[in-house]
Amino acid sequence: MSTSTGEAIQFWILAVVAVLGAIGTVSMKKAVHSALSLAGTMIVLAVFYLAQGAYFLGVVQIVVYTGAIMMLFLFVVMLVGITAADSLKETIKGQRWAAALCGLGFGILLIAGLANASLHSFAGLGAANSGGNVEGLARLIFTTYVWAFELTGALLITAAVGAMVLTHRERTQRAATQRELSEQRVREGAQVTPLPAPGVYARHNAVDIPGLLPDGTASELTVNPTLRARGQIRDVSGERLAQLAELEQRSENWLERDEHERDGGHRANGVNSANGSNGGGQ
Amino acid sequence: MNPVNYLYLAALLFTIGGAGVMIRRNAIIVFMCVELMLNACNLAFVTFARLHGNLDGQIFAFFTMVVAAAEVVVGLAIIVTFFRSRHSASVDDASLMKL
């Protein structure tokens, strides 16, 4: 007994996609890419469930797994830092190869075991699904497996409470008011004024671009401390900075000459034309 | 085609997931590999339900999904808590007990 040709074609195409997604999950360096690969694999598995007569599970797979669980994963990836890539340094020597070897051996064992099992005929779900797949599942859940089903409810409640307890932070002292914070700033003599804004350039004006100090160096203060801690400051490259410094030097020279030639009363005009050369000079 | 091929695929996915758990050290990716293993098991359950012609395998897969959802919620909460105290999601940094 065997399945239809259509299912065979579907299987061989989608199985490749599923395995590629799984390999991507394991091998991608960034967690977001891994999550997307895994979502692809899960959608393929949902199609397999539908093809095998598990209609309810196919839909639940898409709604719960690719919908809820993968979104939860992406949410945490965003929270933890999208660029928090794995360190590729091995802490235990040869661990990677040993792990790959273990995986290979395990896979061979598993597949050889399956090949030796006598699974040459299959019953098919025609009879079991005759009254409807969802009805059949419901009958089993609320009769044979009703005890397990109720335990599942207890498990879900425990998990929800556990997640809330784990992520809850108890406040040990009263939150400081705005006045206290400002007084503390003045007392410490740190930055009293608001922090300077990030750099605005002709090509970039994002928050991860540092502003430049008058001497042309990038100011760390202008970038959000979170981005600074993650090392996500985009570089205003040294070459550009050198170019900018050169340009400023040149415009200054030009300005000096201008001032030399004209009187002090035309200074405003000179600044304007210096700005003009700043924009179009390079 | 024999539906046993689905079982081979499930075995392959489970193996890849298991290797990923051993190889990767970002806790989130390790967790995703565990999810991959659970999904491979589900595929095996659904295939066995079809091989045997009854719905018990699908019920098992259903329960696996519920447990996986609970596990993800608690596991990700642990990862977030860990990240808050260590500013890292690497499993190597959870080494407080190490001398």
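How do A:Tyr65, A:Tyr55, A:Tyr201 stack up against each other in accessible area, from largest to smallest, with a 1.4 angstrom probe?
Accessible-area ranking of A:Tyr65, A:Tyr55, A:Tyr201, largest first: A:Tyr55, A:Tyr201, A:Tyr65.
Rolling a 1.4 angstrom probe over the protein heavy atoms, how many square angstrom per residue are accessible across the protein assembly as shown?
The answer is 57 Å² per residue.
Out of residues 5 or more away from B:Ser90 or on other chains, whose amide H comes under 5 Å of its own, with H placed 1.01 Å from N in the peptide plane?
Close amide H contacts, sequence-distant or interchain: B:Ala27.
Please report, as a whole percent, how much of the solvent-accessible surface of the stretch A:113-260 comes from carbon and sulfur atoms (probe radius 1.4 Å).
57
What accessible area, summed over both chains, is buried at the B-A interface (1.4 Å probe, Å², nearest 100)?
7000
Compute the Cα gyration tensor for the stretch B:26-86, then decide on rounded, prolate or oblate, letting a ≥ b ≥ c be the square roots of its eigenvalues: rounded whenever a/c is under 1.5, prolate when a/b is larger than b/c in the other cases, and oblate in all that remain.
Oblate shape, in that a/c is at least 1.5 and b/c is the bigger or equal ratio.
Which lysines have a Cα lying under 19 Å from the Cα of A:Lys93, excluding residues fewer than 8 positions away in the same chain?
Once the sequence-local lysines are set aside, what remains near A:Lys93 is B:Lys98.
List the GluC sites (Glu not before Pro) within the stretch A:123-189 that fall in a DSSP loop (any state other than H, G, I, E or B) and whose Cβ has at most 12 other Cβ atoms within 10 Å.
The qualifying sites are A:Glu170.
Given a 1.4 Å probe and every protein chain left where it sits, what share in percent of the accessible area of chain B is carbon and sulfur? Intermediate values should be presented prior to the final figure.
On the way: 2620 of 3600 Å².
Ligands and nucleic acids excluded, carbon and sulfur reach 73 percent.
The values are calculated or read from the model by the stated rules, or taken from the named source; none is laboratory data. Note that the structure is a prediction, hence the values are computed from the model and not measured. Glycine also receives a Cβ, built like all others from the backbone with ideal geometry; neighbour counts cover every protein chain displayed. Note: areas computed on protein heavy atoms with side chains; ligands, DNA, RNA excluded. Shrake-Rupley method; radii C 1.70, N 1.55, O 1.52, S 1.80 Å.
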